[in-house]
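Everything on this sheet refers to the single structure shown next.
The values are calculated or read from the model by the stated rules, or taken from the named source; none is laboratory data. Keep in mind it's a predicted model, so treat the numbers as computed, not measured. Using ideal geometry, Cβ is built from the backbone for each residue, glycine included, and neighbour counts are taken over all protein chains shown. Note: accessible area is taken over every heavy atom of the protein model, side chains too, but ligands, DNA and RNA are not part of it. Shrake-Rupley method; radii C 1.70, N 1.55, O 1.52, S 1.80 Å.
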Amino acid sequence: MAEHVAHVERKRVYVTIWIVLLCFTALTTGVAYIDLGSNWNTVVALAIAVCKASLVVLFFMHVRNVSERMVRVVIVTAIFTLTVLIVISFSDFATRKLIPPPPGLRQASHIVVHHLGEEQ
Amino acid sequence: MAEEHAALVAEQFDDQLQQYQTATLGMWIFLATEILFFGGLFAAYTIYRYQYLPAFEIGSHHLSVLWGGTNTAVLICSSLTMAMAVRCAQLGKKKPLIAFLFVTLIFGFLFLLIKFGEEWRHEYLEGLAPGVNFTYHGPHAVHVELFMFFYFFMTGLHALHMIVGCGIMITLIILASRNYFQEKFNAVEIAGLYWHFVDIVWIFLYPLLYLIGGRFPH
Amino acid sequence: MGTASAATLPGSGEEFHLHYLNVKHGLKAWLLTTDHKRIAWLYFFTTTFFFIVGGLAATFMRLNLISPQGALVEPETYNKLFTIHGTIMIFFFLAPAVPTVLGNFLIPMMVGARDVAFPKLNLLSWYIFITAGAIFLYSVISGGVDTGWTFYTPLSTMYLNTHVLSAAMAVFISGFSSILTGMNFIVTIHKMRAPGLTWFRLPLFIWSMYAASLIFVLAMPVIAITMALVMIERIFHVGIFDPALGGDPVLFQHLFWFFGHPEVYILILPSMGVISELMAAFSRRRVFGYGFVAFSSFAIGLISFIVWGHHMFVSSESAYAGIFFSAMSMAVAIPSAVKVFNWIATMYKGSVSFEAPMLFALGFIGLFTIGGLTGVFLASMGLDIFLHDTYFVVAHFHYIMVGGAIMGYLGGLHYWWPKMTGKMYPDYWARISALIIFVGFNLTFGPQFLLGVLGEPRRYATYPPNFQFLNIMSSAGASILAVGYLLPFIYFIWSAKYGAPAGPNPWGARGLEWETASPPPVHNFDVTPVVTHEAYDYEAVSETVAVS
Ligand SMILES: [Cu+2]
């Protein structure tokens, strides 16, 4: 009854993924003790985390052979929305300090600040 | 609707396949909301980390990589046993199903024990609990407190999900021992999705909280 | 199951018509129901209650603003009034109203299903909703809250002594109700469609409900976590958003508006779906450019997630981020305009009739267009610096939310009322009501555009005397608007008892929901329909065949 609904994964696959995940954990911890220079430690740590998460999603959560195709769309949509939230709100903070506003805008904001100061 | 399906298929569905796919899709959409739920925190974390990186490094270096790494391994092991439990449920093997669910539950408890009993207790005693017992007065104290807040809140929210997960495990064990899953393996599979998701959150929390700026001598 | 036997009864006999309303009686049968149609009614009564509470708060505000010094209340009370009005109308009336009342009732019927995908979660969602509502009412009764519906930090977390915690808790909880509803709808639309009901045969209401549900699922979790942070900052005095403690208040605004802007599309998208239905039904024509209208819902949903910074042009947001947000905000006008043009084109050469629902729909198009165009003003950064936080903004979003969302809701209620109750309401009075609401609405909010341009800031209990004339005009308009809203209360209640039987299809409309009895049987259709034509097939005869 159950078999025709879900795909049953082989035991060996689960165990392999488990070993790989443990190795990745050791790797990410080990790399933290090596100075890779500038931000590379963060990049490597995040890259490993993304690999681990992908393995869990694809194998443990059966997305590799899920019978409902929409599941993949749901995952991509959620990750895309999260990326939008992080990247766009972050870009506000990043551009605020790195690039000075163009002269016209600076003048305009100056006027506004001045104007507000008068009101208070 | 055939009569013998009545017990297996809820009345709004036509057949078992539809019910199965519907439940799977529903759970994934719920997990999508969870991604955004944690995502708000990750966004705030990213922005503050960018603004106050030195303070975040100091805060991070107060955490225990040993226990954080151990807990990562514990969760990965629990994910394996959960996946095996789902497999047993799919194959209709009752005894190994209960055994694997039980081991998963034990791993969950172990994780919570290390989290609260070892790590949180330690950090609290060290005076690093923001708003409760924060006595750190070194450089960047204000923003170290901010980091510690994110640490406590993100791991706390994760632990809350773990507690819910353990509750689900207990429920599944009881249901399985009453032969509930002989035909309806679906609940175990759906619970498995949730459990693995909580594991994934931790996979990101571990490097983001414990390993900021690396652990090499500066 | 008793319900299963009801579905197989021949539900056509006049004197023995077993339907979802008379199949079981008693309070318990209603409070523990998992029937999506009954849950729609539960939502109808609760959201209507909140509409009345929020409307009363607005009444007191408009009364107070008759005099420049404030005719009625202290400024502190006024702050509480607009907070109560905003929070209740957004979180406890508008966001749930169309999706949970019309959506709950119609989505399973329109896709030819027996129920939503998860009926128990559907009921749970209502209980979460009323829990949240009760907590908010508690915060109102125990002294009120004066943060505004936006809960801006650090005002909300550090400075106010009012009941911010319970109010934030209420919003936090209400988010989960919406999440469950959105999840349920998405899965229902995907997995529960009747045989033959392909995506492009679906009614456009389904498409826009789908887009709105997507926003529910993706935006609500963010407001929930943000409210959790507000509560924690308030309880533990940690500096998440308070600059004095190392936090950043603008980050709160990012998180809040990441939810807050898509939220306004949750309010308007379902009403847009209603308008598409009404336009087709009362023009006797297929909606012009079906594909464009369908995909414009998704375009609106998508773009709504990348415009939130237009609320923050004057709050130290980077000018470069501002340029991006400004451009994207203007881009939303494109799919919105696609809808408006297609609705108008639908009427062209159609045989248009002006029953009450159509009057509401036409009102929607006019008012939404004004609201949308003034939104483009506000999207341009330079102009927004001067119009920000003035009555211009208030007028703009009321044209969208009241002129748009509520007009659409009322139009939908009038259109599907015969289906929901099996009874007709007096069309004459309904037309009068539509007319009064249209006039009253414009009198209320039209002057506020002028007040905003003249520089009256929003959220103040008092104002300079030279603004008094326009304010009195606005208050007078509000009283007319109130009469317009009161009328449906009276004739809807009247019709439930004395209305003429509606019959299965009083409007001669297409769409699956009209092919079953009014009120529908417990499982919606006596036999699962097989769909062979699209929802607006007004040229062809219905070819729905029954299979067993
Ligand atoms: Cu907006």
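Structure notes:
- Test item: C:383-392 mean partner chain Cβ contacts at 10 Å: 1
- Rg in Å to one decimal, and Dmax rounded to a whole Å, for the stretch A:1-66 via C-alpha atoms: 15.8, 56
- Across peptide B:12-24, the mean count of Cβ atoms from other chains lying within 10 Å of each residue's own Cβ comes to 6.
- Solvent-accessible area buried by B and C, counting both chains, probe 1.4 angstrom, square angstrom: 2900 Å²
- Heavy atoms of B:K94: accessible area, 1.4 Å probe, square angstrom to 10: 80 Å²
- Summed over both chains, the accessible area lost when B and A associate is about 4800 Å², using a 1.4 Å probe.
- With a 1.4 Å probe rolled over the protein heavy atoms of all chains, the accessible area of C:M473, B:M169 falls in the order C:M473, B:M169, largest first.
- Against the main long axis of the alpha-carbon atoms of chain B, helix B:141-177 sits at an angle near 20°.
- In terms of accessible area, using a 1.4 Å probe and ignoring ligands and nucleic acids, B:L17, C:L450 rank largest first as C:L450, B:L17.
- C:L56-A:Y33 FRET efficiency (beta carbon distance; Förster radius 51 Å; 0.05 resolution): 0.20
- Mean Cα-pair separation over length for the stretch A:1-82, i.e. relative contact order, pairs under 8 Å, 6 or more apart, %: 36 percent
- Taking the protein heavy atoms of the stretch C:6-547 in the context of the full set of protein chains, the accessible area attributed to carbon and sulfur is 72 percent at 1.4 Å.
- Largest-first ordering by accessible area, 1.4 Å probe, given options A:S38, B:S64, C:S336: A:S38, B:S64, C:S336
- Surface accessible to a 1.4 Å probe, C:E74 within the full protein complex, Å²: 110 Å²
- Chain B gives an Rg/Rh value of 1.08, both radii derived from C-alpha positions and Rh following Kirkwood.
- Crossing angle, helix B:65-91 versus chain B [Cα axis fit, 0-90 degrees, rounded to tens]: 10 degrees
- Mean separation of Cα contacts under 8 Å (6+ apart) over length of the stretch C:258-360, as relative contact order %: 42 percent
- Environment charge of B:A85, counting only residues whose C-beta is closer than 13 Å and scoring Lys/Arg +1, Asp/Glu -1: +3
- Residues of the stretch B:30-46 whose accessible area (probe 1.4 Å, heavy atoms of protein chains only) drops by at least 20 Å² once all protein chains are present, relative to their chain alone: B:F30, B:A32, B:T33, B:I35, B:L36, B:F37, B:G39, B:G40, B:L41, B:A43, B:A44, B:T46.
- FRET efficiency, C:S351 to A:C23 (Cβ-Cβ, R0 60 Å, nearest 0.05): 0.25
- The residues packed around C:W343, meaning those with a beta-carbon under 15 Å from its beta-carbon, carry a net charge of +4 if Lys and Arg are +1 and Asp and Glu are -1.
- Distance between modelled label sites at C:A134 and C:L72, nm, 7 Å Cα→Cβ extension: 2.9 nm
- Approximate spin-label separation B:S177-B:V142, in nm, with each point projected 7 Å along Cα-to-Cβ: 5.6 nm
- Per-pair calculated FRET efficiency, R0 = 51 Å: C:K120 and C:S316 via Cβ, rounded to 0.05: 0.65
- Stokes-Einstein diffusion coefficient of the stretch C:6-547, Kirkwood radius over Cα pairs, 25 °C, 0.890 mPa s, in µm²/s: 103 µm²/s
- Here the stretch C:37-137 was treated as a single set of alpha-carbon atoms; its pair distances binned every 5 Å from 0 give 2, 13, 20, 18, 13, 11, 8, 6, 4, 3, 1, 0 percent.
- Residue ranges C:165-176, C:212-223 sort as C:212-223, C:165-176 when ordered by packing (mean number of other C-beta atoms within 10 Å per residue, highest first).
- Computed with every protein chain present, the accessible area of C:M192 is close to 10 Å² [probe 1.4 Å].
- Scanning chain C for long hydrophobic helices, with DSSP H runs required to stretch 27 angstrom or more by C-alpha along their axis and to average at least -0.5 on the Kyte-Doolittle scale, returns C:36-64, C:119-141, C:164-191, C:204-236, C:249-283, C:356-379, C:427-454, C:468-498.
- Think of it as helices only: each DSSP H run of n ≥ 4 in chain C is worth -39500 (n - 2.57), and spread over all residues that comes to -21000 deg cm²/dmol at 222 nm.
- Taking the centroid of alpha carbons for each part, the stretch C:228-304 and the stretch C:38-68 are 21 Å apart.
- Taking the C-alpha atoms only, the angle from helix B:94-112 to the longest principal axis of chain B is near 10 degrees.
- Accessible surface computed residue by residue for the protein assembly as shown, with neighbouring protein chains in place and a 1.4 Å probe, gives 38 Å² per residue.
- Part-to-part distance (alpha-carbon centres) for the stretch A:1-80 and the stretch C:501-529, which is given in Å: 48 Å
- Global size of the stretch C:204-251: 16.0, 50 Å for Rg and Dmax (C-alpha atoms, Rg to one decimal, Dmax whole).
- Projected-area average for the stretch C:439-480 over all orientations - Cα convex hull basis, square nanometres: 2.7 nm²
- Annotation for C:F469 and B:L53: the two label points, set 7 Å from Cα along the Cα-Cβ direction, are 6.1 nm apart.
- Whole-Å semi-axes of the protein assembly as shown's equivalent ellipsoid (Cα gyration tensor): 44, 39, 23
- Summary value for the stretch C:6-547: 19 percent relative contact order, contacts being C-alpha pairs under 8 angstrom separated by 6+ residues.
- Extension gain for B:K95 to B:S64 (0.36 nm times residue separation, less C-alpha to C-alpha distance): 7.4 nm.
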